[in-house]
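Step one of this worksheet: look at the structure below.
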């Protein structure tokens, strides 16, 4: 069964400017590591496709070329999911013309394999060995690009979902439309989910006539809810808020179906067996899911409407659940982007410091050469 993450990755494309940046990285690798071939391979079914390759005249592969994963050193990297170095006979085992190979796997944010990044030579290469750190640094940069591309794709999906939700608003009355717009506005104005969720919940209560309820999110194990906040509606409730909230009872029906469910005689139903001691009395109850990529990741609980819940109430609750799901995904994506920016700033700073140190080492070597009466080994200038 294909996961939501695999579906999303299949839709992520590498734009031209990113592909060009990767091409430039391969040219730098080939020059600095003194190899005829530096390339990025992308997994394509049971094969590997050359996605980016340096533009040296002696390069050993060409853009778009496909090779079986089982007949290459890059395929072994995918299998090992780790660094691979091969020289001499080991490198020539699968390719007789190859006598040096150094490669790393390239991973998506969830750890699945995108492909490989490697350098190759027709002779053993000690220079490449001494600069393997550069290949690893560029690997991290490509993986940061993959993370950003996936997040940008998630944001585009979010925008499309929001536009779809807005188009559906035309089916509601002005009062219902205004309430849903207030909820949608909260998504745009508040990046913290707890803030926007409270506004969405209040609008859902207002439109369905509910006086109590909560919003809860599925925990990391997928077995329990974690309550974001709870509104007792002024009724006595002595339940310990730290008690676990397993996925069971009527709310489990909503989780499993991905639809709103309700019971207008809750206190006389089978579901009361799951209520903890001290729980507020509930005349009627309705649950609406928060669905992201076809998976329920949270729940809106609504209760104690003066009259009975109706199918229209369920439709409205599902609409507010969709808005809440957009708010949740938006908040998480923005947090991930912040973390990515922090990592990129750290990476860029480290890379600049390392480049400066390389220049200093070259200058020191040149100074030693002059002391020994020899010509400088390195040409050090503003471009180095």
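The values are calculated or read from the model by the stated rules, or taken from the named source; none is laboratory data. Since the structure is predicted, the reported quantities are computational estimates derived from the model, not experimental observations. So basically every Cβ, Gly included, is an ideal-geometry build from the backbone, and we count neighbours across all protein chains shown.
Going by what's in this entry, would residue 159 be described as surrounded by fewer than 16 Cβ atoms within 10 Å (Cβ to Cβ), outside the structural domain of residue 254 (by TED's automatic domain parsing), within 30 Å of residue 112 (Cα to Cα) and at pLDDT below 85?
Details: surrounded by fewer than 16 Cβ atoms within 10 Å (Cβ to Cβ): yes; outside the structural domain of residue 254 (by TED's automatic domain parsing): yes; within 30 Å of residue 112 (Cα to Cα): yes; at pLDDT below 85: yes.
Taking the combined requirement at face value, the residue satisfies it.
Pick from segment 197-235 the residues that are over 25 Å from residue 292 (Cβ atoms) and in contact with a strand residue (DSSP E or B) (Cβ under 7 Å, 6 or more places away or on another chain): which of them is modelled with the highest pLDDT?
The qualifying residue modelled with the highest pLDDT is 212.
Looking at residue 129, is it surrounded by fewer than 17 Cβ atoms within 10 Å (Cβ to Cβ) and at negative phi? Please lay out each step first, then the result.
Numbers: surrounded by fewer than 17 Cβ atoms within 10 Å (Cβ to Cβ): yes; at negative phi: yes.
Considered against the rule, which asks whether it is surrounded by fewer than 17 Cβ atoms within 10 Å (Cβ to Cβ) and at negative phi, residue 129 comes out as yes.
Report, by residue number, each residue of segment 322-341 that is without any contact (Cβ under 8 Å) to a residue 12 or more places away in the chain and under 26 Å from residue 29 (Cβ atoms).
Result: 341, single match.
Test residue 75 against the criterion of being surrounded by 17 or more Cβ atoms within 10 Å (Cβ to Cβ) and in the same structural domain as residue 44 (by TED's automatic domain parsing), and give yes or no.
Details: surrounded by 17 or more Cβ atoms within 10 Å (Cβ to Cβ): yes; in the same structural domain as residue 44 (by TED's automatic domain parsing): yes.
So residue 75 passes the test.
Taking the conditions exactly as written (touching a helix residue (DSSP H, G or I) at 6+ places or on another chain (Cβ under 7 Å), surrounded by fewer than 16 Cβ atoms within 10 Å (Cβ to Cβ) and farther than 26 Å from residue 133 by Cβ), does residue 46 satisfy them or not? Before you say what the answer is, go through the steps one by one.
Values: touching a helix residue (DSSP H, G or I) at 6+ places or on another chain (Cβ under 7 Å): yes; surrounded by fewer than 16 Cβ atoms within 10 Å (Cβ to Cβ): yes; farther than 26 Å from residue 133 by Cβ: yes.
Criteria met by residue 46.
Condition first: surrounded by fewer than 22 Cβ atoms within 10 Å (Cβ to Cβ), over 31 Å from the mean Cα position of the chain (by Cα) and part of a helix (DSSP H, G or I). Now tell me which residues in segment 295-330 satisfy that.
311, 312, 314
Within the bounds of segment 236-257, is there any residue that is within 23 Å of residue 325 (Cβ to Cβ), part of a loop (DSSP other than H, G, I, E, B), assigned by TED's automatic domain parsing to the domain that holds residue 312 and at pLDDT 90 or above?
no
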